[in-house]
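Undergrad: Dropping the structure in here first, questions after.
The values are calculated or read from the model by the stated rules, or taken from the named source; none is laboratory data. Predicted, not measured: the structure shown is a model, and the values here were computed from it. Note that we place each Cβ from the backbone using ideal geometry, even for glycine, and neighbour counts take in every protein chain shown. Just so you know, the surface numbers come from the protein's heavy atoms only, side chains and all, with ligands and any DNA or RNA stripped out. Shrake-Rupley method; radii C 1.70, N 1.55, O 1.52, S 1.80 Å.
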Amino acid sequence: VLLLFTDGLIESTNAEGKDWGQRRFIKSFLNHAKSSAKDIRSEIIKDANDFFQGQPYNDDITLVVIKIK
């Protein structure tokens, strides 16, 4: 699995000012790594949005997931 992403994903913050960070990103990926590429992407974005609790992103967000079977 190859993940390509911009820093906006891991550096955006929730209402408490905490960023999602690399650890949460990696944990989210590992939780969904056995899924299809489309589902991995969707679930990582869902996990991030759950963390952000409706806060707008601080930056643009790009996430590309490539999975070779």
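Undergrad: Kindly evaluate L2 against the criterion of being open to solvent by 30 Å² or more (accessible area, probe 1.4 Å), farther than 14 Å from L63 by Cβ and of a type in the set (A, V, I, L, M, F, W, C). First the steps, then the outcome.
TA: Values: open to solvent by 30 Å² or more (accessible area, probe 1.4 Å): yes; farther than 14 Å from L63 by Cβ: no; of a type in the set (A, V, I, L, M, F, W, C): yes.
No; evaluated as a whole, the condition is false for this residue.
Undergrad: Are any residues in region 36-66 of a type in the set (K, R) and in contact with a strand residue (DSSP E or B) (Cβ under 8 Å, 6 or more places away or on another chain), and if so, which ones? Even if it seems obvious, please write down each step before you answer.
TA: Here is the first cut: in region 36-66, the residues of a type in the set (K, R) are 38, 41, 46.
Hits for region 36-66 are K38, R41.
Undergrad: Just the residues that are closer than 16 Å to Q22 by Cα and either surrounded by fewer than 16 Cβ atoms within 10 Å (Cβ to Cβ) or in contact with a Cys (Cβ under 6 Å, 6 or more places away or on another chain) (or both), please, taken from region 33-42.
TA: Within region 33-42, just A33 meets the criteria.
Undergrad: What number of residues in region 13-25 are open to solvent by less than 90 Å² (accessible area, probe 1.4 Å) and either hydrophobic (A, V, I, L, M, F, W, C) or closer than 14 Å to I44 by Cα (or both)?
TA: Here the count works out to 4.
Undergrad: Here's a follow-up. Return the pairs, sorted by first residue and then second, in which the second residue is hydrophobic (A, V, I, L, M, F, W, C) and open to solvent by less than 40 Å² (accessible area, probe 1.4 Å), the first residue lies in region 40-53 and is under 15 Å from F5 (Cα atoms), the beta carbons are less than 6 Å apart, and the residues are 6+ apart or on different chains.
TA: Close Cβ pairs satisfying both conditions: I40/V65; R41/L63; R41/V65; A48/W20.
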